[in-house]
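The values are calculated or read from the model by the stated rules, or taken from the named source; none is laboratory data. From a predicted model like this one, the values you see are computed outputs, not experimental measurements. Methodologically, a virtual Cβ is constructed for each residue, glycine included, from the backbone with ideal geometry; neighbour enumeration extends over all protein chains shown.
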Amino acid sequence: MGAYLRPRRLEDALTALAQPHVVLAGGTDFYPARVGRAIDEDVLDIGGIAVLRGISADASGWRLGATTTWSELLEADLPPLFDGLKQAAREVGGRQIQNAGTLAGNLCNASPAADGVPCLLALDAEIEVAGPAGRRLLPLRQFITGVRRTALAQAELVVAIHVPKPDREARSAFLKLGTRRYLVISIAMAAATIEIADGRVASARLAVGACSPVAERLPALEAALAGAPLDTRLADRVEPAHLAPLSPIDDVRGSAAYRSDAVVTVLRRLLQDLAA
Amino acid sequence: MKVAFTLNGRVAEWSGPPVTRLAAALRDDLDLTGTKVGCDAGDCGACTVLLDGRQTCSCLVAMGQVEGRRVETVESLGDGNGGLTSLQKSFLAHGAAQCGICTSGMLMAAVELLRRNARPCRAEVEDALGGVLCRCTGYSKIVDAVMSVSTSMPIAAPPAGAAVGARLQRVDGVPKVTGRDLFGADAVPADALWIRVVRSPHARARFELGDLAPLRRRLAAVLTAADVPFNGFGIYPDIKDQPVLADGQVRYRGEAVVALVGERAQVLAIRDEEVPIAWTPEAPVFGLDAATAPDAVLVQADKPENLLLNGVVRRGKAAEAFAACAAVAEGLFETAFVEHAYIEPEAGWARRVGDRIEVHVTTQTPYMNRDEVANVMRLRPEAVRIVPTACGGGFGGKLDLSVHPLVALAAWKLDRPVACVYTRPESMAASTKRHPARVAARFGCDAEGKLLACEVTATFDTGAYASWGPTVANRVPVHAMGPYAIPNVRSWGEAFFTNCPPAGAFRGFGVPQAAIAHEAMMDELADRLSIDRLEFRHKNALRAGDTTATGQTLAHSAGLAQCLDALRPHWQKAHDDVAAFNAKSGSRRRGVGIGCMWYGIGNTSMSNPSRMRVGLSPAGTLTLYSGAVDIGQGSNTIMTQIAADAVGLPAAQVALVAGDTDLTADAGKTSASRQTFVSGMAAERAGRDLRQQILRLANAGPDAELSLEGARLTVRDGDAVRSIDLASAGTLMGEGTFDPPTTPLDADGQGVPYATYAFAAQMATVEVDIGLGTVKVLRIVAAHDVGKAINPTLVEGQIQGGIAQGLGLALMEEYLPGRTENLHDYLIPTIGDVPEIECILIEDREPLGPSGAKGVGEPGLVPTAPAILGAVHHATGVRATRVPLLPHRLREAIVAAGQEKTTGKRT
Ligand SMILES: Cc1cc2nc3c(=O)[nH]c(=O)nc-3n(C[C@H](O)[C@H](O)[C@H](O)COP(=O)(O)OP(=O)(O)OC[C@H]3O[C@@H](n4cnc5c(N)ncnc54)[C@H](O)[C@@H]3O)c2cc1C
Ligand code: FES
Ligand code: FES
């Protein structure tokens, strides 16, 4: 039988992590990985740490505490910049999963199909990590290093996700492709954030998930959209060549060829939504 | 660690390892088994409770996280005076609980919603309940129940003689909506030992067991093949090919090898790697091509050519008749392994009582289980007692043995109660599946569209062991031409062994697979001749007086044409709506499709009798002793309704003793849609027999009216009133049996395989996202000839539930050993995937059945996939030849069809 710690203070959690512990947040990835067997690891439950909770904002942007759940995000008063992330939240699992699962847990689990990742990539999010050496900030894409791998060292925790405030009016959207309505892992999904100036796309960030080991931004598409008028023709700018950063595979949910093909449609629809 | 929290409004304290799941603490330590566990992984929602008012999967919450918080479970629901809440009443009134295993989760999810929003719309209900899976109901009645909580009216109990045909509430419904019903894992004795089965990670391998002594020292027992007195089981008396525990070789991934018996925590703590098994993997036989290759290795050494069985139905001269056809269509269709995905995994426990063994288990077939357990243990059948627990869904998958022989052997050996509950991945890996099929079909008709000839070859992958494979291979040739009058038929069925999970019984026994083929052929021929697809079927529908391909003349009750007549107005309207939609939309296209089916009720050309008893005790208790197990479909209620009317007393006065092999007679298995027809007839006869005895006692005529008050039975015959004091009359016992009249099939498949057939036609409207290949089913209208609807609510529930499974078969369900072994990767329809379903009940009386009734358990599923696939074709021009039609398969076909068009290869 392993130890089970539920500290109230972040410092205590970090001290505990001097010894290896499995971190437990919402448990929605933790428990499914442990069906039908005794749980004997040492567990560090971070759910009781107040400073990891909640959403706050300042002049530079927003801070989403690590243990913010999908439901808390949905209920938070946030600008249209977060519409895409909220759309993703609404489609994670079912209500039960949204009530328990956390944003940081979604990132730390580092599944290629994690719905939060493309959204937060498109939001240019940075991950705040705390460890024995203090705190550091990493761009999300550097935080996730591979399939189920992150840049976290053993003694580190994610404490927050930071979303910078754009200089201009901004909107975001998310679109998920799955085989059923609820409780479904994405075959592919995409998120986009656009900043708008004078009726044009001042800048765009798009990311696609479940089509590569880690969700990827699409710089060529972003460049193709920059400066384009914000109207229904925006979607026409998506070209298959923009998908070069992706490397989809065949799996039980869909074929690689299908993913490459469908993602073009998903991206076009996403841009139609944003332009509407 | 001690955890203090609020549980259902009261202060509660629990102590134990804080990483313990809340679901486990509630069930195992706090005696609240109303919260169910279907997966322990967040995928099914059966364990949903409210945590600080929010719906949460209690299988994903650590007890350490519960400190100081508020937990509400199904047991908290009630009106405060021991009665039900209006939500629970609404569930009962609508028939929203079938097996009931999902009901606690559904209720708690709905409670969270209704606290915020007393009058939710359909979309809000779907969003709120989207995290709870139901495999039985098709969700329709659940949505109705939640949407109409504030307006729903309780169902009035019907008076004497009026139970048949009434929408009687389930007689076993209250425990299902209060969480008090006890399923296989719910009433395990506290002192029971537990079994964890070590299973093969290989599809095909030889193995040697190492030294088990160290493990045996740590545990109560470690069972291997050597501990099984007769190590073979199987549902056929002459095919006992599946070992209880594998003996030196395994034939599919998930096969049981070693059973660890000990304290629960102990057996869970032992990892598979700690069990000394030296594996020598061998190249497995996967798929029909491999199994039938000339040089194929044998899956079972004594089964040449890997052939399990084949069978034929031959009538007329099919080969010659094609020459005279004005139009001929042909196609090849493939289906996948499909998992039953009942939300309750296999579970049960056994105890030794002297020289008898008692097995409490979730099952569809207590008497067959009894005989099989006895055979494995080398005991007399009478030495085995099967006590069915509530069954959280079966659909054919709980006909075979699962935990039974293991718990029985261990309890026998150790003389202690022993329990076993499969995990979800274990349930999926170990249990039987729907047979993957390859169906080659060729149909021809004359210029007017009259069918003249049909050739069908249906080849099935039966997996590693026979299970119900022979049943499938026998049933399909009889049904594969569809519910149509065709003078020239050659219909062939065959099943081959592979190193895949045993394919067994699953709602429809192969007929749903065959229906995909014959219905595609109907569409093709109709289109070829520019005849409306519904009218084409109407023209060819089997009718009373017609002769089937087995040479059986249908004397009565063949209501397919009536079903199609009932659909016609819906069909025409749907065509108009679809055309209007498609005229406007580009990226999404709608289509309408239709599917028909027929289904023989009961076993194929085999005796399958039921025996029922109805007793009246000296205390005045009217009891129906029914060996028919209710697996959610409602047979407890149906039998009660039939028996009550046969006796002439109100259904509310009937007490029920069900299933227990010591207390009831053999009513056969709950499968083949046979319980209403076969056991229902036995119940009717038993009731009539009791009534006769009463009338004789009272010297009254056949129309006398009975009333029962305490031990006083009053018999009114016109003006004559006679009162019988039951205390002095002694126990009265009525008995009835029924075995549907069938005859064996000869070498050409000629004979009377079934006494009666159900008929149905369903239409589906779908919307296809052309760019993504996704399909949304918008509406289904289902017309079913059920002979007589004994309980329309239950009949609709069966149809809607079958449709949801048919939708899954068509669009999403594909079991791949080792890859989709959980409910995360194996997808069944959620509440958001099943559309509104309109049921139309056609009652073309079957004189052999109780009050004219036939069965409906399987027919609901059979026409659904064909209707959906036909609708997809109507929308896109793509004819699906492989199901499930996953988005990538449909999109690839749409793209390919587009390329063919542009290159002019086909019109
Ligand atoms: C039925 C079901 C449906 C689901 N559907 C979806 C879906 O549609 N889309 C989707 O993206 N995901 C889905 N998920 C996955 C899951 O819900 C999410 O990834 C969730 O956000 C994980 O958060 P958690 O807090 O529950 O993680 P936990 O299970 O508590 O932890 C996950 C992992 O992250 C680590 N971890 C968590 N927090 C921290 C931290 N602050 N610092 C360091 N390490 C940490 C843990 O050690 C663990 O390895 C689903 C899961 C289930 C069970
Ligand atoms: S048991 Fe918790 S979701 Fe299935
Ligand atoms: S009633 Fe829902 S799973 Fe059986």
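Remarks
- One residue alone among B:ALA41, B:ALA46, B:ALA62 is more than 10 Å from chain A (Cβ to nearest Cβ) and modelled with pLDDT of 95 or more, and that residue is B:ALA46.
Results for (1) under 22 Å from B:ARG264 (Cα atoms); (2) not in a loop (DSSP other than H, G, I, E, B), shown as yes or no for each residue.
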position	(1), (2)
B:TRP14	yes, yes
B:LEU50	no, yes
B:THR56	no, yes
B:VAL71	no, yes
B:ASP79	no, no
B:GLN98	no, no
B:GLY105	no, yes
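- Checked against the criterion of being within 14 Å of chain A (Cβ to nearest Cβ), more than 12 Å from ligand 3 (Cβ to nearest atom) and not in a loop (DSSP other than H, G, I, E, B), the range B:137-150 has at least one qualifying residue.
- When each of A:VAL184, A:VAL238, A:VAL263 is tested for being buried (at least 22 other Cβ atoms within 10 Å of the Cβ) and either within 16 Å of ligand 2 (Cβ to nearest atom) or closer than 16 Å to A:ASP124 by Cβ (or both), the lone residue that passes is A:VAL184.
- Residue match in the range B:660-668 (condition: of a type in the set (D, E, K, R), buried (at least 24 other Cβ atoms within 10 Å of the Cβ) and under 22 Å from the mean Cα position of the chain (by Cα)): no
- Taken over the range A:8-46, the residue count meeting the criterion of being free of Cβ contacts under 8 Å to residues at least 24 places away in the same chain, closer than 19 Å to A:GLY101 by Cα and within 7 Å of chain B (Cβ to nearest Cβ) is 4.
- Criterion violated by A:GLY105 - all others in (1) in contact with a Leu (Cβ under 6 Å, 6 or more places away or on another chain); (2) within 8 Å of ligand 1 (Cβ to nearest atom); (3) assigned by TED's automatic domain parsing to the domain that holds A:ARG135 satisfied: (1)
- Of all residues in the range B:44-56, those satisfying the criterion of being crowded, with 21+ Cβ neighbours inside 10 Å and away from ligand 3 (no atom under 16 Å from the Cβ) are B:VAL49, B:LEU50, B:LEU51, B:GLN55, B:THR56.
- Any hit, the range B:430-438, residues being crowded, with 24+ Cβ neighbours inside 10 Å and basic (Lys, Arg): yes
- For the range B:397-437, the set of residues classified as away from chain A (no Cβ under 14 Å), small (Gly, Ala, Ser) and within 23 Å of B:PHE509 (Cα to Cα) consists of B:GLY397, B:SER402, B:SER431, B:ALA437, listed by residue number.
- Residues being of a type in the set (D, E, K, R) and away from every other protein chain (no Cβ under 14 Å) - total across the range B:1-26: 2
- Scan the range B:724-767 for residues that are among the hydrophobic types (A, V, I, L, M, F, W, C) and either buried (at least 24 other Cβ atoms within 10 Å of the Cβ) or closer than 23 Å to B:VAL856 by Cα (or both) and the total you get is 10.
- Taking the range B:767-804 as the range and being within 14 Å of chain A (Cβ to nearest Cβ) and over 26 Å from B:ALA583 (Cβ atoms) as the test, only B:ALA804 passes.
Results for (1) more than 16 Å from ligand 1 (Cβ to nearest atom); (2) farther than 21 Å from B:GLY393 by Cα, shown as yes or no for each residue.
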residue: B:LEU7; (1), (2): yes, yes
residue: B:VAL11; (1), (2): yes, yes
residue: B:PRO18; (1), (2): no, yes
residue: B:ALA23; (1), (2): no, no
residue: B:LEU26; (1), (2): yes, yes
residue: B:GLY38; (1), (2): no, no
residue: B:CYS47; (1), (2): no, no
residue: B:LEU51; (1), (2): no, yes
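- Residues being more than 16 Å from B:ALA278 (Cα to Cα) and among the aliphatic types (A, V, I, L, M) are represented in the range B:226-233 by at least one member.
- Subset of the range B:27-38 that is within 19 Å of B:LEU7 (Cα to Cα), in contact with a Cys (Cβ under 9 Å, 6 or more places away or on another chain) and not charged (D, E, K, R) - its residue that is nearest to the other protein chains (Cβ to nearest Cβ): B:VAL37
- Checking A:PRO164, A:PRO229 one by one, the residue that is surrounded by fewer than 18 Cβ atoms within 10 Å (Cβ to Cβ) and either in contact (Cβ under 8 Å) with a residue 60 or more places away in the chain or within 14 Å of another protein chain (Cβ to nearest Cβ) (or both) is A:PRO164 and no other.
- Taken over the range A:248-271, the residue count meeting the criterion of being modelled with pLDDT under 95 and over 17 Å from A:THR179 (Cα atoms) is 0.
- Residue match in the range B:82-105 (condition: buried (at least 24 other Cβ atoms within 10 Å of the Cβ), closer than 11 Å to B:THR178 by Cβ, within 14 Å of chain A (Cβ to nearest Cβ) and within 16 Å of ligand 2 (Cβ to nearest atom)): yes
- Check on A:GLY84, over 30 Å from A:GLN19 (Cα atoms) and within 16 Å of ligand 3 (Cβ to nearest atom): no
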